[in-house]
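Asker: So that we are looking at the same thing, I have put the structure below in structure tokens.
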Amino acid sequence: MQADRTKWDYKHQVLGMRRMPPWRLFLWVKLIEAVAQLRPRALLRWAWHPEARIRHAIRWYYRMGRRVWVHEVIGFLFRDRVREDGRTVADHLGGAQDHEEEASRPTRARRRPIAPLAQSTASR
């Protein structure tokens, strides 16, 4: 897992998992991206959208996506440092803060006894 908290997103494995190594998670994320971007309908929009401005925007998005994809693969292979020290969610984000939450504390409302209506009107 990565110690850098800024990489807490769907593309980076921040916490270690017992049954999935980081390379497999990375591979699955890249596969999901490819399946979403290379659908026939998406490719048809890229090639033959009727509005030139939208077609230009779609093509720009694909160009940027290719650059980002290459950058992420290189980063995963050569820059990102993975460590295996057994951190937990509590180690990563800090302990639970339930003791600080006031909304979940039970409150005891102080109630005044309600005088019967006959007594309260008779005393006026």
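The values are calculated or read from the model by the stated rules, or taken from the named source; none is laboratory data. No experiment lies behind these values; they were computed from the predicted model shown. Counting neighbours? That spans all protein chains shown, and the Cβs are built from the backbone with ideal geometry, glycine included.
Asker: Go through the stretch 20-70 and give me each residue that's more than 30 Å from Arg81 (Cα to Cα), of a type outside the set (A, V, I, L, M, F, W, C) and part of a helix (DSSP H, G or I).
Answerer: Pro40, Arg41, Arg45, Arg53, Arg55, His56, Arg59
Asker: If you don't mind, another one. Going residue by residue through the stretch 17-30, is there one that turns out to be under 25 Å from the mean Cα position of the chain (by Cα), exposed (fewer than 10 other Cβ atoms within 10 Å of the Cβ) and modelled with pLDDT under 90? Show your work before the answer.
Answerer: First, pick out the residues of the stretch 17-30 that are under 25 Å from the mean Cα position of the chain (by Cα): 17-30.
Then keep just the ones that are exposed (fewer than 10 other Cβ atoms within 10 Å of the Cβ); that gives 18-19.
Now drop any that are not modelled with pLDDT under 90, which leaves 18-19.
Taking every residue of the stretch 17-30 in turn, at least one turns out to be under 25 Å from the mean Cα position of the chain (by Cα), exposed (fewer than 10 other Cβ atoms within 10 Å of the Cβ) and modelled with pLDDT under 90.
Asker: Based on this model, can you work out whether Pro40 counts as at pLDDT 90 or above and either out of contact with any strand residue (DSSP E or B) (no Cβ under 8 Å at 6 or more places or on another chain) or of a type in the set (D, E, K, R) (or both)? Working first, answer last.
Answerer: Details: at pLDDT 90 or above: yes; either out of contact with any strand residue (DSSP E or B) (no Cβ under 8 Å at 6 or more places or on another chain) or of a type in the set (D, E, K, R) (or both): yes.
So Pro40 passes the test.
Asker: Can you find even one residue in the stretch 4-12 that is at pLDDT 90 or above, assigned to a helix (DSSP H, G or I) and either of a type in the set (S, T, N, Q) or exposed (fewer than 11 other Cβ atoms within 10 Å of the Cβ) (or both)? Steps first, please.
Answerer: Of all residues in the stretch 4-12, those at pLDDT 90 or above come to none.
No, that holds for no residue.
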